[in-house]
Amino acid sequence: MSNLLPSRPPVVVVDGPRIVDGAAVAAAIPQAGAAGREKWLAAKSFLHNPVGVVGAGLLLVMVTFCFLGPLLYRTNQVTTSLADVAFHPSASHLLGTDESGYDVLGRLMVAGQATLEVGFAAAAIAATLGTAWGAIAGFLGGWVDSIMMRVVDAMLSIPSLLLILVAASIFVPTIPVIISIIAMVSWLITARLVRGECLSLREREYVAAAIAGGATKSRVMLRHLMPNLIDIIVVQTTIETANAILLLAALSFLGLGPPLPSTNWGDMLSAGLTFIYDGYWWLIYPAGLAIVLTVVGLNLVGDAVRDAFDIRLRGR
């Protein structure tokens with residue numbers, strides 16, 4: 001008897017200009033719920049990736065060195081000591097002293113704190129602004145997308161270093177100002193990447209199901225789009241952190257970095273160049289090595305995160 005009953009016709013949901021099959025909507029709902037399991041698999045893949053482990057190890061070493069090192073290796077980084085100018089490395093000064101009598105190893109730790117703070121803070125602001133801008137433009141589309149992305153294109157057409165140099169010459173380059181300036185030129189690429197991904201995600205069945213179910217646009221963006229943008233945001237944040245550190249070093253090298261008593265690795269490089277041909281290697285190589293190790297660590301972490309979220313590269 002049951003075989004003679006007429007089959008139930010498929011439920012059709014009208015979603016604006018699109019018509020969504022109810023069966024497809026029902027099948028798409030578990031797809032949205034599988035995001036959590038996918039993130040766990042990505043994290044597991046990252047932990048088994050030697051590149052990611054090495055990169056994370058380098059970052060951990062540098063952060064520990066800069067923020068916990070001064071608690072163990074105490075030096076005077078406030079007052080100068082003309083009697084200790086340009087001493088060679090010794091038991092009392094493991095990396096010697098600089099032209100002002102500061103202990104170079106202690107100076108390296110203090111300078112690293114400012115450098116990492118600027119890098120992480122500028123990248124966090126850039127990631128937040130770029131994600132919000134790109135998500136709104138990509139999800140709403142239409143004239144909103146056109147206007148917002150033309151703003152991004154116009155800013156991208158101007159070299160970022162030129163914008164930073166102009167801004168740094170106008171404002172007093174304190175640490176907060178440098179963070180803001182670097183962030184303002186670093187969010188553009190993130191916005192374009194997020195916008196492109198949102199253009200693809202908004203066409204997925206589970207997004208159509210959420211909209212057909214009465215979900216607001218803000219809820220769809222926060223609940224269904226943002227979790228699927230984590231990989232892009234994390235990878236781009238690591239890249240922008242490395243770029244911010246390099247931009248700070250470039251500004252400081254050109255004399256436009258934060259003024260004294262603040263210092264960073266770029267300042268140490270700039271001051272060390274004066275003595276590089278006199279054999280005072282400890283005034284430039286330690287700061288340069290610190291920048292290289294930090295940037296390499298960030299790039300390795302970014303590559304490992306990208307591979308972890310890419311199913312085609314996972315486990316290779």
Inset, instruction - First measure r as the distance between the Cβ atoms of residue 230 and residue 54, then evaluate 1/(1 + (r/R0)^6) with R0 = 22 Å and state the FRET efficiency to the nearest 0.05. - result: 0.50
Inset, instruction - Using only Cα atoms, locate the centre of the stretch 224-296 and the centre of the stretch 69-134, then give the distance between them in Å, rounded to an integer. - result: 11
Inset, instruction - Can you tell me how much longer the chain between residue 281 and residue 246 gets when fully stretched, taken as 0.36 nm per residue apart minus their C-alpha distance, in nm with one decimal? - result: 10.5 nm
Legend entry - Protection-proxy order for peptides 171-178, 222-229, each taking the mean of Cβ atoms within 10 Å per residue, highest first: 222-229, 171-178
Legend entry - Spin-label model distance (nm) - residue 200 vs residue 88, 7 Å beyond Cα toward Cβ: 5.9
Inset, instruction - Roll a 1.4 angstrom probe over the protein heavy atoms and tell me the percent of accessible area of the stretch 161-308 that is carbon or sulfur. - result: 67
Inset, instruction - Can you tell me how much longer the chain between residue 166 and residue 73 gets when fully stretched, taken as 0.36 nm per residue apart minus their C-alpha distance, in nm with one decimal? - result: 29.6 nm
Inset, instruction - Restricting things to alpha carbons, tell me how big the stretch 222-308 is in terms of Rg and Dmax, in Å. - result: 17.1, 60
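The values are calculated or read from the model by the stated rules, or taken from the named source; none is laboratory data. Keep in mind that what you see is a predicted model, and the values were worked out from it rather than measured. Neighbour counts are summed over all protein chains in view; Cβ atoms, including those assigned to glycine, are modelled from backbone coordinates with ideal geometry. The accessibility values were calculated without ligands, DNA or RNA, using every heavy atom of the protein model including side chains. Shrake-Rupley method; radii C 1.70, N 1.55, O 1.52, S 1.80 Å.
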